[in-house]
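Student: Let me give you the structure first, and then I'll get to my questions.
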Amino acid sequence: MTLQRERIIPISIEDEMRSSYIDYAMSVIVSRALPDVRDGLKPVHRRVLYAMSELGLLHNRPYKKSARIVGETLGKYHPHGDSAVYDTMVRMVQPFSLRYPLVDGQGNFGSVDGDSPAAMRYTEARLARIAEEMLRDLDKNTVRFASNFDDSLQEPSVLPSMLPNLLVNGSSGIAVGMATNIPPHNLSEVIDGLVALMADPSLESDALMQYIKAPDFPTGGIIYGYDGVREAYRTGRGRVVMRAKAQIETSRAGRESIIVTEIPYQVNKSTLIEKIADLARDKKIEGISDIRDESDRDGMRIVMEMKRDAVTNVVLNKLYKYTSMQQTFGVNMLALVNGMPRVLGLKEIMQHFLTHREEIVVKRTQFDLDAAEKRMHILEGLQIALDNLDAVIETIRRSREPETAKNNLVRDFKLSEIQAKAILELRLQRLTGLERKKIEEERKEVKRMIEYYRDVLADRTLRLEIIKDELTDLKARYGDERRTQIVYSAEDFSVEDLIAEEEMVITISHAGYIKRTAASGYRRQLRGGRGITAAGTGKDDDFIEHMFTASTHHYILFFTNTGRCYWQKVYEIPEGSRQARGRALPNLLQLKKEEKIAAFINVRAFDDEHFIMMVTKNGIVKKTVLSAYGNPRRDGIIAVGIREDDELLEARLTDGTHSVVIGTSNGTAIHFNEDDVRDMGRNATGVKGVELVGKDYVVGMVTTKRPDATILVVTEHGFGKRSDLVDYRTQRRGGKGIKTLNVTDKVGKLVAIKDVEDADDLMIITTNGVLIRQHIKSIRVMGRNTQGVKLIRLGEKDRIAAVSRVVADNSDEMGEDGDDEELDAAAALVEDITDQMTDDTGAEPMPTDEGDAA
């Protein structure tokens with residue numbers, strides 16, 4: 001007996017490590033960490049979905065335990081740890097992880113706070129409906145199947161995937177020496193881009209960005225700057241800056257708060273709040289007095305209350321700088337193409353998906369064609385049997401056994417074995433006339449389908465049309481609105497971009513308190529109503545003195561009685577309810593001790609095409625180009641030179657071609673063209689606009705371009721009327737003017753003059769803080785030399801403090817308070833009728849309905 005000697009082969013350890021490491025690296029790259037460009041899935045995701053499909057867990061079937069799904073996946077297709085498979089399934093359930101979740105879960109699957117999901121024995125799951133679109137046609141030989149880990153079963157190497165999953169859900173993974181990080185996108189946008197690319201294959205990434213604008217993250221937020229997006233789509237690599245969506249709110253007590261409603265993708269909300277609290281405690285971010293999480297099932301809401309002396313905008317900018325409220329998503333669109341890792345641009349990913357879909361359509365059609373031809377072959381045999389029914393029956397009757405009968409049928413009627421077998425299996429009920437007709441109709445239908453399938457296989461245009469129709473249907477069923485806002489220019493990004501543009505009512509009290517309130521907060525009432533409380537001044541001797549409307553994105557130019565100008569963004573003005581007092585103007589503007597706000601202008605930008613027309617109490621007018629006010633200092637700039645015994649009263653924005661109407665307290669008005677006043681510098685005093693008699697003084701100024709404009713005048717006792725502008729003859733500036741309203745003790749002195757139109761609303765506010773909003777259309781147009789009609793019923797010793805024109809807003813039509821308004825209108829009507837019966841002052845009667853007004 002001889003011993004077999006062992007054979008020892010010397011191998012360099014460097015060569016062995018190199019080859020082994022490469023084998024390991026390729027295994028990780030191909031079989032674990034990177035998605036396939038066609039279906040956007042890694043092997044573990046694909047195996048979980050396939051296992052669920054094999055278990056019959058469709059979207060309309062009952063849920064099954066997650067442990068059952070994990071066990072099925074482990075035992076048949078994925079021989080790795082159960083935690084890895086369960087974590088994969090959990091992520092496919094979470095709506096904050098995937099833009100379009102592929103698994104429908106029931107139970108605790110974690111949260112955006114980083115909470116761990118419940119154990120797999122407690123949760124249940126089934127396929128989401130959209131996931132079934134990825135598995136559709138899997139049974140039609142559309143994809144290649146490979147053996148599982150022990151060669152006992154077959155599993156798909158890729159899914160047919162009608163859903164462009166790689167783009168819509170993105171992917172992330174770390175392989176050996178490479179990593180992928182593909183952001184999610186909006187399904188509707190991706191499908192629009194795919195349809196456009198099919199229509200014009202020459203489109204490049206820049207053109208496709210008209211359809212696929214940017215990533216669309218499941219947690220919303222803001223994409224801050226577009227250069228990184230553009231670079232990523234062109235080259236496959238780029239940096240996308242994400243920001244949390246925040247807004248500034250003001251409480252009734254005047255305290256400002258930062259409200260965060262959306263955070264960047266993959267940011268842990270709980271960790272973010274802890275980080276902010278730590279920075280505030282360590283004084284790295286000053287100004288935050290309290291932070292709390294008010295999120296609930298309706299959405300996210302992180303509240304950061306500010307200290308009274310904090311500059312909220314500065315705090316918000318620091319939060320973006322020092323916390324994960326601003327994050328960078330490093331785009332690296334690496335995916336497997338034919339088993340090899342490649343970095344792909346936007347167009348390349350879309351082309352690979354469309355190529356995959358065309359292959360699926362071809363293989364599916366070929367499968368359907370084969371099935372239809374097999375069925376046609378059988379139907380042709382059945383047709384032969386029906387046409388020779390008696391002979392076929394006789395042949396079968398004289399055969400000793402089924403095999404003999406089959407052979408006789410093949411020989412006598414020249415049939416195939418398949419046809420003969422189908423005839424032998426034919427049930428007697430199919431021999432009835434109706435059933436025979438059904439066979440003939442089925443034969444015609446199958447013939448038509450065969451022709452269609454052959455056309456699809458022969459015509460690429462028809463195949464692309466099928467793909468387009470399927471994608472369009474997918475968009476109709478699953479498409480939704482974009483969640484992530486895009487700010488294209490990072491350089492121009494400011495807090496303003498976080499603030500919704502809406503109309504605001506700005507109110508300033510006699511004591512100098514200012515606030516803004518949404519215009520929709522004031523419900524419209526009919527003429528003569530009692531009104532609602534507009535503002536709580538907090539002091540018995542204070543009242544609302546100024547009121548106007550402006551957009552949150554506009555600049556407000558503040559003109560003081562001493563002729564200086566300040567400006568502020570509307571959103572920087574503290575917001576408050578109608579009852580709130582507001583914030584003292586000296587805390588917002590560096591007003592001098594003797595200064596009071598006299599006029600306001602809201603503008604979006606400063607240009608050379610517009611002018612500011614000003615008038616003083618003593619009738620001096622001045623016109624200056626708007627651009628002269630575009631660079632104010634914090635302590636203000638000179639707007640107009642004011643004499644010692646005078647003060648600035650009104651300022652209006654014009655374009656150089658307006659008509660100007662100046663009203664005085666004694667009820668006179670002068671109408672002249674704007675070009676009567678030349679453009680002057682900021683320091684100029686101006687020229688005479690109207691000649692005043694006795695103790696008369698100017699109460700307001702109107703500038704308008706509409707020849708059909710109507711002029712509204714209001715008196716201190718609540719009377720008012722509208723007159724056509726054409727009733728005011730045009731004069732040269734500096735004249736005495738003409739009568740616009742018959743001033744009496746009953747109606748009081750003139751306090752306001754406005755240009756209005758029927759579509760507008762009117763806001764009137766009194767010294768007691770009562771406000772009424774009504775249609776301008778309800779106020780009658782009448783002659784100049786009259787008293788007018790009553791607009792508001794005033795309480796004892798109450799007087800009109802301010803009047804403002806508001807553009808009509810249909811969103812705040814009468815709602816819950818409609819009955820109250822009708823009662824107010826009825827009471828006003830009774831009072832006005834009584835006034836008419838006892839009126840001996842010469843006032844024109846108020847119309848009782850639209851017919852009288854006409």
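The values are calculated or read from the model by the stated rules, or taken from the named source; none is laboratory data. This one's a predicted model, so the numbers in the text were calculated from it and none came from an experiment. When we count neighbours, we look across all protein chains shown, and the Cβ atoms used for this are built from the backbone with ideal geometry, even at glycine. Quick note on the areas: whole protein, heavy atoms, side chains included, nothing else; ligands and nucleic acids left out. Shrake-Rupley method; radii C 1.70, N 1.55, O 1.52, S 1.80 Å.
Student: Suppose we keep only residues that are under 23 Å from Asp480 (Cα atoms), in a loop (DSSP other than H, G, I, E, B) and of a type in the set (A, V, I, L, M) within the range 103-142. Which one would you say is modelled with the lowest pLDDT?
Tutor: Val112
Student: Quick one: would you say Leu49 is of a type in the set (A, V, I, L, M), more than 17 Å from Ser171 (Cβ to Cβ) and under 35 Å from the mean Cα position of the chain (by Cα)?
Tutor: no
Student: From Ala310, Ala335, which residue is under 30 Å from Lys42 (Cα atoms) and either in a loop (DSSP other than H, G, I, E, B) or at pLDDT 90 or above (or both)?
Tutor: Matching residue, one of Ala310, Ala335: Ala335.
Student: Kindly list the number of the only condition in (1) farther than 30 Å from Ile285 by Cα; (2) under 60 Å from the mean Cα position of the chain (by Cα); (3) of a type outside the set (Val, Ile, Thr); (4) open to solvent by 10 Å² or more (accessible area, probe 1.4 Å) that fails for Asn317.
Tutor: (1)
Student: Does Leu464 fit the bill of being in contact with a Ser or Thr (Cβ under 7 Å, 6 or more places away or on another chain) and either touching a residue at least 24 places away in the same chain (Cβ under 8 Å) or over 30 Å from Asp192 (Cα atoms) (or both)?
Tutor: no
Student: I would also like to ask the following. Please go through the range 24-75 and give me each residue that is closer than 12 Å to Leu127 by Cα and of a type in the set (S, T, N, Q), ordered by number.
Tutor: Within the range 24-75, Ser53, Asn60, Ser66 meet the criteria.
Student: What do you reckon, is Glu358 in a helix (DSSP H, G or I), out of contact with any Cys (no Cβ under 7 Å at 6 or more places or on another chain) and either open to solvent by 70 Å² or more (accessible area, probe 1.4 Å) or under 30 Å from Leu194 (Cα atoms) (or both)?
Tutor: Answer is yes for this residue.
Student: Here's another thing I want to ask about it. Looking at the range 572-594, which of its residues are open to solvent by less than 60 Å² (accessible area, probe 1.4 Å) and farther than 15 Å from Thr507 by Cα?
Tutor: Result: Leu589, Leu591.
Student: Right, something else. Tally the residues that are part of a helix (DSSP H, G or I), over 22 Å from Lys76 (Cβ atoms) and small (Gly, Ala, Ser), restricting the search to the range 1-32.
Tutor: So the count comes out to 3.
Student: Is it the case that some residue within the range 410-418 is outside any helix (DSSP H, G or I), open to solvent by less than 50 Å² (accessible area, probe 1.4 Å) and more than 30 Å from Val158 (Cβ to Cβ)?
Tutor: There is at least one residue in the range 410-418 that is outside any helix (DSSP H, G or I), open to solvent by less than 50 Å² (accessible area, probe 1.4 Å) and more than 30 Å from Val158 (Cβ to Cβ).
Student: Do we find that Ser289 is modelled with pLDDT of 90 or more, assigned to a loop (DSSP other than H, G, I, E, B) and farther than 20 Å from Tyr571 by Cβ in this structure?
Tutor: No.
Student: Looking at the range 180-205 only, could you name the residues that are open to solvent by 10 Å² or more (accessible area, probe 1.4 Å) and either at positive phi or in contact with a strand residue (DSSP E or B) (Cβ under 6 Å, 6 or more places away or on another chain) (or both)?
Tutor: Of everything in the range 180-205, just one residue is open to solvent by 10 Å² or more (accessible area, probe 1.4 Å) and either at positive phi or in contact with a strand residue (DSSP E or B) (Cβ under 6 Å, 6 or more places away or on another chain) (or both), namely Asn181.
Student: Read through the list (1) closer than 30 Å to Tyr571 by Cα; (2) in contact with a helix residue (DSSP H, G or I) (Cβ under 8 Å, 6 or more places away or on another chain); (3) open to solvent by 10 Å² or more (accessible area, probe 1.4 Å), then give the number of the only condition that Ala214 fails.
Tutor: Looking at each condition in turn, Ala214 falls short on (3).
Student: Could you please give the count of residues in the range 117-172 that are open to solvent by 50 Å² or more (accessible area, probe 1.4 Å) and hydroxyl-bearing (Ser, Thr, Tyr)?
Tutor: The number of residues fulfilling the criteria is 3.
Student: With respect to Asp758, determine if the residue is without any contact (Cβ under 8 Å) to a residue 60 or more places away in the chain, farther than 15 Å from Leu741 by Cα and open to solvent by less than 40 Å² (accessible area, probe 1.4 Å).
Tutor: Here the answer is no, as Asp758 does not meet what is asked.
Matching residues to (1) under 30 Å from Arg678 (Cβ atoms); (2) among the polar types (S, T, N, Q):
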| position | (1), (2) |
| --- | --- |
| Val702 | yes, no |
| Phe719 | no, no |
| Arg733 | yes, no |
| Thr767 | no, yes |
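Student: Right, something else. Tally time: how many residues in the range 456-481 are open to solvent by 60 Å² or more (accessible area, probe 1.4 Å) and not in a helix (DSSP H, G or I)?
Tutor: 2
Student: Give just the number: which of (1) within 30 Å of Asp745 (Cβ to Cβ); (2) modelled with pLDDT under 90; (3) out of contact with any Lys or Arg (no Cβ under 8 Å at 6 or more places or on another chain) does Asn631 not satisfy?
Tutor: Tallying (1) within 30 Å of Asp745 (Cβ to Cβ); (2) modelled with pLDDT under 90; (3) out of contact with any Lys or Arg (no Cβ under 8 Å at 6 or more places or on another chain), Asn631 fails exactly one: (1).
Student: Could you tell me which residue of the range 273-298 is most open to solvent (accessible area, probe 1.4 Å), considering only residues that are farther than 23 Å from Gly110 by Cα and without any contact (Cβ under 8 Å) to a residue 12 or more places away in the chain?
Tutor: That would be Arg281.
Student: Limited to the range 45-71, what total is found for residues that are in a helix (DSSP H, G or I) and either of a type in the set (A, V, I, L, M) or open to solvent by less than 30 Å² (accessible area, probe 1.4 Å) (or both)?
Tutor: 10
Student: Suppose we filter Pro95, Pro62, Pro43 for residues that are in contact with a strand residue (DSSP E or B) (Cβ under 8 Å, 6 or more places away or on another chain) and either more than 25 Å from Asn181 (Cβ to Cβ) or not acidic (Asp, Glu) (or both); which single one remains?
Tutor: Selected residue: Pro62, the only one of Pro95, Pro62, Pro43 that is in contact with a strand residue (DSSP E or B) (Cβ under 8 Å, 6 or more places away or on another chain) and either more than 25 Å from Asn181 (Cβ to Cβ) or not acidic (Asp, Glu) (or both).
Student: Please list, ordered by first then second residue, the pairs with beta carbon atoms under 8 Å, 6 or more apart or interchain, first in the range 313-327 and within 17 Å of Gly220 (Cβ to Cβ), second of a type in the set (Phe, Trp, Tyr) and open to solvent by 40 Å² or more (accessible area, probe 1.4 Å).
Tutor: From the range 313-327, the pairs are Gln326/Tyr224.
Student: Same structure again: May I ask you to say which residue of Ala371, Ala385 is under 24 Å from Leu428 (Cβ atoms), of a type outside the set (Lys, Arg) and out of contact with any Phe, Trp or Tyr (no Cβ under 7 Å at 6 or more places or on another chain)?
Tutor: Checking each option against the conditions leaves just Ala385.
Student: Further question: Taking the range 181-226 as the region of interest, how many residues are outside any helix (DSSP H, G or I), touching a residue at least 12 places away in the same chain (Cβ under 8 Å) and of a type in the set (D, E, K, R)?
Tutor: The number of residues fulfilling the criteria is 3.
Student: If you go through the range 214-230 one residue at a time, do you hit one that is more than 26 Å from the chain's Cα centre (by Cα) and of a type outside the set (Asp, Glu)?
Tutor: no
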